[in-house]
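The values are calculated or read from the model by the stated rules, or taken from the named source; none is laboratory data. Small disclaimer: the values here were computed from a predicted structure and weren't measured. No Cβ is skipped: glycine too gets one built from the backbone with ideal geometry, and neighbour counts run over all protein chains shown.
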């Protein structure tokens, strides 16, 4: 199991004995055949993924075969779960490539990595091409997705033209993609070669590596505050970021440091702010800050309150209930999941939405009446 890129922590404790390399081969074979009682679909496919790396070739082959023959009721649930790890989704894309609907579910899952989508982009059948095209944030965030689409023989010319036009209008420049070069000429009437030397996320991060590293260390409390010279360079960096195209901002939001994310979370373009919120470097503390923010965009807040992993965090649910920018149905859905002391506080808080306060008061009254118990009708 040494070559498996995932930690065994990704697997539920009840199933770890089946993937333990020291376990008897019959037990591992049982796991590879999927003969595990009451395993949730996501856990089951993750276990099969682990066993595909088993040191015993027969066990590994059995796990792969089991994955390829999973019943739809299992894989359809697993592939729609955003808590499943990206390497597992990538592996299943090959095992279930011929299962109708499986690739579609993988392409629609936000947990699927951009690298997996880029790998699938040149080969997916025609009906799935438009799913890739419609995910505009992925197109601008990962250049190889558009490259793959443009090589796909199943992709309608109109879809490719639409994707390229969108990317050109948002500042993406890929001189090795003829369709994108042609789209640039069609839209701007100029050759895009001259734009290749402009600021990019990669060049900016390379040039300001020391400042970015200092920011991360300072946030961790291991560095002194920046010098006036560093502050001046930061200002210059900020000015350059503001002049970037949308596609470059998205790349910087994805790869940059906390300061870059904070700046780009406020960007007026929803794709840029979403890219910052979805950055793999985003911390739980930053997400909690967004849940508390009265200025966070509706798209960013939706990304948070629709994320199952995020809403498992109690402090985050409490923040969402209090945030007036969160839709009332969502806030009211989370309200009963809060602790009694917090609901009582909401009932007294005039700064929360009136409907939330009223529902909190109703909950408190109902709770108090229930605690008194039924009366016997005597006076």
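Residue by residue through segment 340-350, note down the ones that are without any contact (Cβ under 8 Å) to a residue 24 or more places away in the chain and surrounded by fewer than 12 Cβ atoms within 10 Å (Cβ to Cβ). Explain how you work it out, then say what you get.
Within segment 340-350, the first condition is being without any contact (Cβ under 8 Å) to a residue 24 or more places away in the chain, and the residues that meet it are 341, 343-345, 347-348, 350.
Within segment 340-350, 341, 348, 350 meet the criteria.
Tell me, please, whether a residue that is part of a helix (DSSP H, G or I), surrounded by fewer than 18 Cβ atoms within 10 Å (Cβ to Cβ) and at pLDDT 90 or above can be found in segment 305-325.
Applying the first criterion (part of a helix (DSSP H, G or I)) to segment 305-325 yields 305, 310-312, 314-322.
Checking which are surrounded by fewer than 18 Cβ atoms within 10 Å (Cβ to Cβ) leaves us with 312, 314-315.
Those still in the list that are at pLDDT 90 or above too: 314-315.
Checking segment 305-325: at least one residue is part of a helix (DSSP H, G or I), surrounded by fewer than 18 Cβ atoms within 10 Å (Cβ to Cβ) and at pLDDT 90 or above.
Which of (1) under 30 Å from residue 172 (Cβ atoms); (2) surrounded by 15 or more Cβ atoms within 10 Å (Cβ to Cβ) is the odd one out, the single condition residue 115 does not satisfy?
Of (1) under 30 Å from residue 172 (Cβ atoms); (2) surrounded by 15 or more Cβ atoms within 10 Å (Cβ to Cβ), only one is false for residue 115: (2).
Being buried (at least 17 other Cβ atoms within 10 Å of the Cβ) and in a loop (DSSP other than H, G, I, E, B) is the filter here; which residues of segment 16-35 pass it?
Across segment 16-35, the qualifying residue is only 34.
This table checks each residue for (1) closer than 18 Å to residue 256 by Cβ; (2) assigned to a helix (DSSP H, G or I); (3) assigned by TED's automatic domain parsing to the domain that holds residue 271; (4) at pLDDT 80 or above.
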position: 161; (1), (2), (3), (4): no, yes, no, yes
position: 164; (1), (2), (3), (4): no, yes, no, yes
position: 173; (1), (2), (3), (4): no, no, no, yes
position: 225; (1), (2), (3), (4): no, no, yes, no
position: 229; (1), (2), (3), (4): no, yes, yes, no
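Taking the condition of being surrounded by fewer than 21 Cβ atoms within 10 Å (Cβ to Cβ), in contact with a helix residue (DSSP H, G or I) (Cβ under 7 Å, 6 or more places away or on another chain) and either assigned to a helix (DSSP H, G or I) or modelled with pLDDT of 95 or more (or both), how many residues in segment 94-104 meet it?
So the answer is 2.
With the structure loaded, tell me whether residue 155 is outside any helix (DSSP H, G or I), touching a helix residue (DSSP H, G or I) at 6+ places or on another chain (Cβ under 7 Å) and surrounded by 19 or more Cβ atoms within 10 Å (Cβ to Cβ) or whether it fails that test.
Details: outside any helix (DSSP H, G or I): yes; touching a helix residue (DSSP H, G or I) at 6+ places or on another chain (Cβ under 7 Å): yes; surrounded by 19 or more Cβ atoms within 10 Å (Cβ to Cβ): yes.
Here the answer is yes, as residue 155 does meet what is asked.
On the basis of being under 30 Å from the mean Cα position of the chain (by Cα), in the same structural domain as residue 203 (by TED's automatic domain parsing), modelled with pLDDT of 85 or more and within 18 Å of residue 275 (Cα to Cα), does residue 264 make the cut? Lay out the reasoning, then the answer.
Details: under 30 Å from the mean Cα position of the chain (by Cα): yes; in the same structural domain as residue 203 (by TED's automatic domain parsing): yes; modelled with pLDDT of 85 or more: yes; within 18 Å of residue 275 (Cα to Cα): yes.
Yes; evaluated as a whole, the condition is true for this residue.
For segment 263-299, which positions are touching a helix residue (DSSP H, G or I) at 6+ places or on another chain (Cβ under 8 Å), over 18 Å from residue 313 (Cβ atoms) and assigned to a helix (DSSP H, G or I)?
263, 264, 265, 270, 271, 272, 273, 274, 275, 276, 299
Pick from segment 341-357 the residues that are in contact with a helix residue (DSSP H, G or I) (Cβ under 7 Å, 6 or more places away or on another chain) and part of a helix (DSSP H, G or I): which of them is farthest from residue 294 (Cα to Cα)?
Here the answer is 344.
Based on this model, can you work out whether residue 336 counts as surrounded by fewer than 18 Cβ atoms within 10 Å (Cβ to Cβ) and either part of a helix (DSSP H, G or I) or in the same structural domain as residue 166 (by TED's automatic domain parsing) (or both)?
Numbers: surrounded by fewer than 18 Cβ atoms within 10 Å (Cβ to Cβ): yes; either part of a helix (DSSP H, G or I) or in the same structural domain as residue 166 (by TED's automatic domain parsing) (or both): yes.
Yes.
Determine whether residue 80 is in contact with a helix residue (DSSP H, G or I) (Cβ under 7 Å, 6 or more places away or on another chain), surrounded by fewer than 16 Cβ atoms within 10 Å (Cβ to Cβ), assigned by TED's automatic domain parsing to the domain that holds residue 4 and under 30 Å from residue 53 (Cα atoms).
In short, yes.
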